[in-house]
Amino acid sequence: MRDISLTRRGFLGLSAAAGGAALLGGAPAWAAPGPRQGPAVWPTTLTLPDGLHPDGLAIGTLPYAFFGSLLTAAIYRADLITGKGEFIFPGLGPDHSAIGLGIDPLQRLFIGGGWGRTITVLDAMSGAVLKTYSVGTATTCVNLMTVTPQGAWFTDGFNGVLFGVPFGPAGELPEQDGIVTLPLTGQWQQSDSPWQITGAGMASTPDGRTLIVVNQYADGGCLYRVDPRTGAATKVPVAGTAFPTTNGICVVGDTLYA
């Protein structure tokens, strides 16, 4: 078995980062109710099943952590109050991964499918598949993601584009032809190497109007602000710090965690 140890404060911080990031800028009218209250002492260790090979992680407004398998795209849900867990989704097979994970206020789990070139949306409580989208080209790797009040966004690790799943007025999911493929322009620098990960972690600013995207290639690894309406990217100056291997990022208030 594999153990992941975090303090209670660490779990709550991850909840604010991973689940709260889904609602940066405030909850729309269709948001779910707030989290239930747990006991004074939460488990500090989660024991994950053998062979899971966890990659993606998301924590929603309810006290559950969701772990995605890099090997099969299976989803394991753990209760942060009891520490117990179960598989809610068996995955898509050995050629698929669950890399970027995110949860929206309707408790829908969004999954970036890596080389499988898929975006899968599950009911986070039942594990039922709500939608599956095919995106990209033969060289696409659907990588990390973030959820905003307007929709879900995914990076392509090897191509200079983002994939968007826009929400309807009441949170409706689009059909396949509603999926957005947004080329990154402006100051964005894309690697010419076919195996150099470029687009990696992504988060939203608190108002949901701007995306922060990690570029692992440009200048040894840096951050860009991206306008989700146009794809225009502007480099974020961060003195004395590079992000050559940064994957998941999150924004809480005015602080970015990488």
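The values are calculated or read from the model by the stated rules, or taken from the named source; none is laboratory data. None of the values given here were measured: they were computed from a predicted structure. Heads up, the Cβs are rebuilt from the backbone with ideal geometry, glycines too, and the neighbour counts pull from every protein chain shown. For accessibility, only protein heavy atoms count, side chains too; no ligands or nucleic acids. Shrake-Rupley method; radii C 1.70, N 1.55, O 1.52, S 1.80 Å.
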Residues within region 201-242 that are open to solvent by 20 Å² or more (accessible area, probe 1.4 Å) and either outside any strand (DSSP E or B) or of a type in the set (Phe, Trp, Tyr) (or both), tallied: 19
Anything in region 42-57 that is small (Gly, Ala, Ser) and either at pLDDT 95 or above or more than 19 Å from residue 201 (Cβ to Cβ) (or both)? List them, or say none. 51
Mind telling me which of the residues 129, 121 ends up being closer than 18 Å to residue 56 by Cα and open to solvent by less than 50 Å² (accessible area, probe 1.4 Å)? 121
Take residue 177 and tell me if it is surrounded by fewer than 22 Cβ atoms within 10 Å (Cβ to Cβ) and more than 27 Å from residue 123 (Cβ to Cβ). no
Anything in region 107-120 that is in contact with an Asp or Glu (Cβ under 9 Å, 6 or more places away or on another chain) and either touching a residue at least 60 places away in the same chain (Cβ under 8 Å) or not in a loop (DSSP other than H, G, I, E, B) (or both)? List them, or say none. 107, 108, 109, 110, 114
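For every residue, the table says whether it meets (1) closer than 19 Å to residue 171 by Cβ; (2) modelled with pLDDT of 95 or more.
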| site | (1), (2) |
| --- | --- |
| 67 | no, yes |
| 72 | no, no |
| 80 | no, no |
| 89 | no, yes |
| 100 | no, yes |
| 103 | yes, yes |
| 112 | no, yes |
| 130 | yes, yes |
Output the qualifying pairs, or none if there are none: Cβ atoms under 7 angstrom, residues six or more apart or on different chains, first residue in region 136-151 and closer than 21 Å to residue 250 by Cβ, second residue open to solvent by 20 Å² or more (accessible area, probe 1.4 Å) and in a strand (DSSP E or B). 145/153; 146/153; 150/166; 151/166
Working only within region 146-178, note down all residues that are farther than 13 Å from residue 228 by Cα and not small (Gly, Ala, Ser). 156, 158, 159, 167, 169, 172, 173, 174, 175, 176, 177
List pairs: first residue in region 94-106 and within 16 Å of residue 72 (Cβ to Cβ) and basic (Lys, Arg), second residue open to solvent by less than 40 Å² (accessible area, probe 1.4 Å) and modelled with pLDDT of 95 or more anywhere in the structure, Cβ distance under 9 angstrom, at least six positions apart or on different chains. none
Which of the residues spanning region 106-157 are in contact with a Pro (Cβ under 7 Å, 6 or more places away or on another chain), under 20 Å from residue 200 (Cβ atoms) and not hydroxyl-bearing (Ser, Thr, Tyr)? 151, 153
Being over 23 Å from residue 254 (Cβ atoms) and touching a residue at least 12 places away in the same chain (Cβ under 8 Å) narrows it down to one residue among 164, 201; which is it? 164
Can you tell me which residues in region 188-206 are under 14 Å from the mean Cα position of the chain (by Cα) and within 11 Å of residue 216 (Cβ to Cβ)? 199, 200, 201
Within region 41-80, how many residues turn out to be hydrophobic (A, V, I, L, M, F, W, C) and open to solvent by 40 Å² or more (accessible area, probe 1.4 Å)? 5
Scanning region 142-152 for residues that are open to solvent by 10 Å² or more (accessible area, probe 1.4 Å) and part of a loop (DSSP other than H, G, I, E, B) gives 149, 150
Go through 155, 185 for me and flag whichever is of a type in the set (Ser, Thr, Tyr) and open to solvent by 40 Å² or more (accessible area, probe 1.4 Å). 185
